[in-house]
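Below is one structure, written out as structure tokens; the observations come after it.
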Amino acid sequence: MTKAEIVNEITNKTGIDKHTVLNTIEAFMETVKESLAQEENVYLRGFGSFIVKKRAQKTARNISKNTTIIIPEHNIPAFKPAKTFNLSVKK
């Protein structure tokens, strides 16, 4: 499902115009990105959590050049679904 399809679905269910729904979704996504950039997790009860995970420093290999490189410690965004979310998908 694309963002446009989500906007259409919400518009059909609520009767709110597409422009308002699109702006709301864009603002939500921007808020989540900003929070994660500041290493603040976002918790949505009954849906899930957008969290920041730390990846430890590791050594990797470039097979084509037969060399090793060190990948420094870094953060990555992750999503952890709520129990009810998981159960509804697993049916």
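Expressed in nm to one decimal, what extension gain is obtained for the pair Ile76 and Glu39 from 0.36 nm per residue of sequence separation less their Cα-Cα distance?
12.3 nm
To put it simply, the accessible area of the chain at a 1.4 Å probe is 57 percent carbon and sulfur. Altogether, the Stokes-Einstein calculation at 25 °C and 0.890 mPa s, with the Kirkwood radius of the chain over Cα pairs as Rh, returns a diffusion coefficient of 150 µm²/s. Over the chain, accessible surface divided per residue gives 83 Å², non-protein components excluded, 1.4 Å probe. Across the chain, the relative contact order, built from alpha-carbon pairs under 8 Å that are at least six residues apart, equals 21 percent.
Taking 0.36 nm per residue of separation and subtracting the Cα-Cα distance, full extension of the segment from Ile6 to Ile69 would add 18.5 nm. Computed about its Cα centre, the charge dipole of the chain is approximately 680 debye, with only Lys, Arg, Asp and Glu carrying charge at their Cβ. The slack in the chain from Ala56 to Thr31, taken as 0.36 nm per residue of separation less the alpha-carbon distance, amounts to 6.4 nm.
The values are calculated or read from the model by the stated rules, or taken from the named source; none is laboratory data. These figures come from a predicted structure and were not determined experimentally. With ideal geometry, Cβ positions are generated from the backbone for all residues, glycine too; neighbour counts draw on all protein chains shown. These area figures cover heavy atoms from the full protein model, side chains too; ligands, DNA and RNA do not enter into them. Shrake-Rupley method; radii C 1.70, N 1.55, O 1.52, S 1.80 Å.
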